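Reading through the structure tokens given below for one structure.
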Amino acid sequence: MKVIEIFSSISGEGSKQGIPATFIRFAGCNLHCAWCDTPESHDDGAEMSIEEIVSAVSLGMPRYVIITGGEPLLQEENLKKLLPILRDAGYLIEIETNGTLPFTDLQEYATVSMDIKCPSSGEVSDATLLADIRPEDSVKFVVMDRTDCLYAQGVIESHDIAGTVFISPVWGGNYRKIADFILEEGIEARFQLQLHKSLGVK
């Protein structure tokens, strides 16, 4: 499998924000978001066997593993082999995905945190995948301005999303305006700042 890095840190967003976690950042991405904070994910990364990945994960203390990228689902066939091993070893697993590829074949082993890309990103997610989000999963909108907020509102109101919905401002944006928008419009979502940014972690 092609891996950028494996490291331990504090989960910066989503339903497990603040929890110590081991991150497996896979190489490769099918999008080029305007405000991407991990451009290195487009590199080839280092080739690692499943055994090497499991060994590297076991060196960290956290029992919570976040599968991220890039877009980890580009390596879905190998994830189908890796995730059962991690689960059977007692790890709780979450997959972060950009909302462009199906993930149902992996939900047996992990929760899913799905992005819906907003206009400022310059990319588009597949909103039909929201039908596969379960109560234990989550959906995230990273927003920069009112246009993004209106887009997120439209998606939220037009889809029956079973999981927790998060709205997170782009780092360095106007947090107050976005929080006010959520309040004024009565949007059923959780406002969340990106904790990992405050900690200096990508």
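The values are calculated or read from the model by the stated rules, or taken from the named source; none is laboratory data. Here the structure is a predicted model, which means the values were calculated and not measured. We place every Cβ from the backbone using ideal geometry, glycine too, and count neighbours over all the protein chains shown.
Among the residues of region 109-123, what is the count of those that are of a type outside the set (Ser, Thr, Tyr) and touching a helix residue (DSSP H, G or I) at 6+ places or on another chain (Cβ under 8 Å)?
Going through region 109-123 one residue at a time, the tally reaches 6.
For region 122-154, enumerate the residues that are surrounded by fewer than 18 Cβ atoms within 10 Å (Cβ to Cβ), more than 17 Å from residue 71 (Cα to Cα) and within 18 Å of the chain's Cα centre (by Cα).
Within region 122-154, 128, 131, 132, 134, 135, 136 qualify.
List every residue pair whose Cβ atoms sit under 9 Å apart, with the two residues 6 or more apart in sequence or on different chains, where the first one lies in region 45-67 and is in contact (Cβ under 8 Å) with a residue 12 or more places away in the chain and among the acidic types (Asp, Glu) and the second, anywhere, is surrounded by 15 or more Cβ atoms within 10 Å (Cβ to Cβ) and assigned to a strand (DSSP E or B).
47/2; 47/3
Rundown of residues vs (1) of a type in the set (A, V, I, L, M); (2) surrounded by fewer than 19 Cβ atoms within 10 Å (Cβ to Cβ); (3) farther than 29 Å from residue 147 by Cβ, yes/no style:
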{"residue": "8", "(1), (2), (3)": "no, yes, yes"}
{"residue": "12", "(1), (2), (3)": "no, no, no"}
{"residue": "30", "(1), (2), (3)": "no, yes, no"}
{"residue": "36", "(1), (2), (3)": "no, yes, no"}
{"residue": "66", "(1), (2), (3)": "yes, no, yes"}
{"residue": "77", "(1), (2), (3)": "no, yes, yes"}
{"residue": "87", "(1), (2), (3)": "no, yes, yes"}
{"residue": "102", "(1), (2), (3)": "no, yes, no"}
{"residue": "119", "(1), (2), (3)": "no, yes, no"}
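Let me confirm something: among 62, 72, which residue is modelled with pLDDT under 95, buried (at least 17 other Cβ atoms within 10 Å of the Cβ) and not charged (D, E, K, R)?
That would be 62, the only listed residue that is modelled with pLDDT under 95, buried (at least 17 other Cβ atoms within 10 Å of the Cβ) and not charged (D, E, K, R).
Could you grab me the full set of residues in region 71-115 that are hydrophobic (A, V, I, L, M, F, W, C) and within 15 Å of residue 29 (Cα to Cα)?
Across region 71-115, the qualifying residues are 73, 74, 95, 101, 114.
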